[in-house]
Amino acid sequence: MALAIKVAKEATIASGDVPVGAVILNSRFEVVATGSNERELEHDPTAHAEIVAMRKAATKLGSWRLEDHTLVVTLEPCAMCAGAIVQSRIPRVVFGAWDEKAGAVGSVWDILRDPRTLNRPEVISGVLATECAQLLQTFFQGQRKGN
């Protein structure tokens, strides 16, 4: 999670995007890919940190199947990202802060653990939640102040 936080901080400074970072780890817990929000940078509504990391990992591995990998992300995935996680066959998701407005892994919806979902990954929530939430709070306070 510490690496995901670092990725989020660095990317936000560079692009001004909401500070969310994601890391894809293989079964030996080696980093395969990282991603951060790039919606503003790329003018792409689908460029959430999770999607960016999954795209990079799939390209690097030469396969869309990310079986035996773990996704670590600083914010609870939204419905779009949860759907992509299911489609990619990722078996484990670790996230930090809860997203009470758009979270799809327990807050608003629970797509990953819905019994109708074909692939139901293990979910580990609340890892370094305070630090992850603080990133977002600081960012949005700056936005409200016009910084």
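The values are calculated or read from the model by the stated rules, or taken from the named source; none is laboratory data. All figures in this text were calculated on a predicted structure; none of them were measured in a lab. With ideal geometry, Cβ positions are generated from the backbone for all residues, glycine too; neighbour counts draw on all protein chains shown. Please note that ligands, DNA and RNA were not included when accessible areas were found on the heavy atoms of the full protein model with its side chains. Shrake-Rupley method; radii C 1.70, N 1.55, O 1.52, S 1.80 Å.
Below, the figures for the structure above:
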| quantity | calculated |
| --- | --- |
| Solvent-free Debye scattering, log10 I(q)/I(0), computed from the Cα coordinates of region 1-105 at q = 0.11, 0.18, 0.19 Å⁻¹ | -0.27, -0.77, -0.86 |
| Degrees between helix 79-88 axis and first principal axis of the chain (Cα, 0 to 90, nearest 10) | 30 degrees |
| Rh (Kirkwood; distinct C-alpha pairs) - region 82-124, Å | 10.4 Å |
| Where N is the number of residues in region 1-60, Cα Rg divided by 2.2 N^0.38 Å | 1.05 |
| Cα long-axis angle, helix 129-145 against the chain (0 to 90 degrees, to the nearest 10) | 40 degrees |
| Spatial separation of Cα centroids for region 61-117 and region 9-33, in angstrom | 15 Å |
| Rounded to 5, percent antiparallel among DSSP beta bridges of the chain | 55 percent |
| Within-12-Å neighbourhood charge of residue 9 [Cβ basis; K, R +1; D, E -1] | -2 |
| Apportionment of accessible area to carbon and sulfur, region 40-123, percent (1.4 Å) | 52 percent |
| Using alpha-carbon coordinates, inclination of helix 2-15 to the longest axis of the chain, degrees | 50 degrees |
| Probe 1.4 Å, protein heavy atoms only - accessible area per residue of the chain in square angstrom | 53 Å² |
| Expected 222 nm ellipticity per residue - DSSP helices of 4 or more, -39500 (n - 2.57), all of the chain, to 500 | -12000 deg cm²/dmol |
| FRET efficiency, 1/(1 + (r/R0)^6) with R0 30 Å, evaluated for residue 63 and residue 116 via beta carbons | 0.75 |
| Against the rule of thumb 2.2 N^0.38 Å, how large the Cα Rg of region 49-147 comes out | 1.13 |
| Net dipole in debye of the chain [+1 Lys, Arg Cβ; -1 Asp, Glu Cβ; about Cα centre; nearest 20] | 140 debye |
